[in-house]
Each structure stands twice: as C-alpha cells, then as structure tokens.
Amino acid sequence: MASWPTTLPNPKVSGYTLKPVDQTVRTDMEGGASRTRRRTKARNDKVSASWNMSDAQLSIFRTWFDDDTAGAAGGAAWFTCSLLVGATGLSSITAKFIGPYTAPLQDGFRWVVAADLEIR
C-alpha cells in the first residue's frame, strides 16, 4: 500500500472537516412513526483537508498522485497518511481520494492543495 510522501506537509488545521457517514437507513411507514435501522458498522468517513505546498512539494505531490505502483494511482488507490480523526493528534489512517484535488495559487508563491478523502 502506498504512503503519503514524508517530504510533504501534514494537512492544515484551518478548514479541516471530518464528515461521518450516515450508517442508518430510514423507512417511512404508511401509518405511524418511520423505522430506522443500522445499515452497516463500517466507518468510511470523509475528510476535507488542504495542504500548503511550495512549487517543489507540489511537483512531488503530483508525481506521487499519478504513480500507479507507489502512489495514489490517480486517486484510485488506498494509501496511509497522518490525519486528525479525534484521537490524540495526528493518527496513521488509511485514505483514498474522492474525486480530483484542487490546487489554487495563494499569494503568488504557495499552493493550497485541497481534496476530499474517504478514510477507514
């Protein structure tokens, strides 16, 4: 399994969002209260994260993101990285990209790479 490159930064705390998935399914009844039951115990939560990167770091990230053997395989492969998930600080987590990342240039010299990740 691929790993987040050690030369790349940890995610920014500002704007970081942990979004637990709904583990229930609700059935509306013809009469009376609706029924709710647990669909799964699997915790495939979602995280919105961003990273501040230099030009050199963005180049490393893009190469790693596209690498089919030791990287994220264009976003299709699971990888390990350090993320905040409500434990004690950064924890080693298995994650996968949900869709493409964005990388706007900020203040003319730093890239802000942002992505949604599925974690398990």
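To the nearest ten degrees, helix 55-66 and the longest principal axis of the Cα atoms of the chain are 50 degrees apart.
In straight-distance terms, cross-link reach from Lys19 covers every one of the aspartates and glutamates whose alpha-carbon lies under 17 Å from its own, apart from those fewer than eight places away in the same chain; here that gives Asp45, Asp116, Glu118. Taking label positions 7 Å along the Cα-Cβ direction at both Asp68 and Leu18, the computed distance is 3.6 nm, reported to one decimal. Dipole magnitude for the chain: about 620 debye, using +1 per Lys or Arg Cβ and -1 per Asp or Glu Cβ, origin at the Cα centre. Considering the stretch 2-119, its Cα convex hull presents a mean projected area of 9.6 nm².
A short reminder: the numbers here are calculations on the coordinates, not readings from a lab. This is a predicted model, so every value here is computed, not measured. Here the Cβ is made from the backbone with ideal geometry for all residues, glycine too, and neighbour counts use every protein chain on show.
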